[in-house]
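J.: This structure is in structure tokens; I'll ask about it shortly.
The values are calculated or read from the model by the stated rules, or taken from the named source; none is laboratory data. If you're wondering where the values come from, they're calculated on a predicted model, not measured in any experiment. Counting neighbours? That spans all protein chains shown, and the Cβs are built from the backbone with ideal geometry, glycine included.
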């Protein structure tokens, strides 16, 4: 039986939790999922920044709820899931997006730098995925977990050693979780974005050095947020029902000439 594409990529009635939803990819993912029928819970440490997002989604006819979450704190994570379940029910779609960066060359980095980056980017992914999967299994619910890694988990770049290591870890964690959770009908995949314009990087990419860097890539441009919408919906919906343990690169060819 061949389904219409609109039905195949639907996330209607799924309960989605998006971490790091206060800006950038997280905010975009939340808006996309809500616009396509999911009940969306947006999570971040800066919960005040989530209020407008929730208001926009609800005003547009969607369903959204905000929760405070620090992905490095297991008690905070558990409390956020409790609030989510009280509002919408069991999370069946997790977008593990929260992440940080602190670019420094090796000789200027410190143990504190390592802990700051790896605790959020790697430990946080593991902590939130573990909590989500325990609850999905308990509810006997099919689910999908999408971890947001990076092209720098597949290559590296000057000053990004710790960040690259953390994102490489996310890719390996994704494979391991996919292996362990397959028998529970929980799929686990990663998206590895290249460079997209966000609040965090716009100043750099508007600088002369940033513009020159862009010109060294095969596509010679940044990605736009709409260009990561399709990959997200593929892995979130039944269109990706037989995809698990994969890392999907969305980079405009950046890795074809990585630095």
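J.: Looking at the stretch 31-55 only, could you name the residues that are within 15 Å of residue 88 (Cα to Cα) and either part of a helix (DSSP H, G or I) or under 15 Å from the mean Cα position of the chain (by Cα) (or both)? Break it down into steps so the answer makes sense when it comes.
T.: From the stretch 31-55, those within 15 Å of residue 88 (Cα to Cα) are 33-34, 37-43, 54; that's our starting set.
Matches in the stretch 31-55: 33, 34, 40, 41, 42, 43, 54.
J.: Something else now. What are the residues in the stretch 131-169 that are in contact (Cβ under 8 Å) with a residue 60 or more places away in the chain and within 23 Å of residue 237 (Cβ to Cβ), if any?
T.: 132, 144, 146, 148, 149
J.: Continuing with the same structure: I'd like the full set of residues that are in a loop (DSSP other than H, G, I, E, B), in contact with a strand residue (DSSP E or B) (Cβ under 6 Å, 6 or more places away or on another chain) and crowded, with 23+ Cβ neighbours inside 10 Å, limited to the stretch 72-99. Even if it seems obvious, please write down each step before you answer.
T.: Start the filter on the stretch 72-99 by keeping residues that are in a loop (DSSP other than H, G, I, E, B), which leaves 72-73, 88-92, 97-99.
Then drop every residue that is not in contact with a strand residue (DSSP E or B) (Cβ under 6 Å, 6 or more places away or on another chain), which leaves 88-89, 91-92, 97-98.
Residues satisfying the conditions are 91, 92, 97, 98.
J.: Of the residues in the stretch 181-210, how many are surrounded by fewer than 15 Cβ atoms within 10 Å (Cβ to Cβ) and in contact with a helix residue (DSSP H, G or I) (Cβ under 7 Å, 6 or more places away or on another chain)?
T.: Residues that pass the stated criteria total 4.
Yes or no, residue by residue, for (1) crowded, with 18+ Cβ neighbours inside 10 Å; (2) modelled with pLDDT under 95; (3) touching a strand residue (DSSP E or B) at 6+ places or on another chain (Cβ under 7 Å); (4) within 24 Å of residue 83 (Cα to Cα):
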position: 119; (1), (2), (3), (4): no, no, no, yes
position: 122; (1), (2), (3), (4): yes, no, no, yes
position: 126; (1), (2), (3), (4): no, no, no, yes
position: 137; (1), (2), (3), (4): no, no, no, yes
position: 150; (1), (2), (3), (4): yes, no, yes, no
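J.: Of these, 58, 7, which one is surrounded by fewer than 16 Cβ atoms within 10 Å (Cβ to Cβ), in a helix (DSSP H, G or I) and at pLDDT below 95? Please lay out each step first, then the result.
T.: Working: 58 fails: at pLDDT below 95.
Going through 58, 7 in turn, the sole match is 7.
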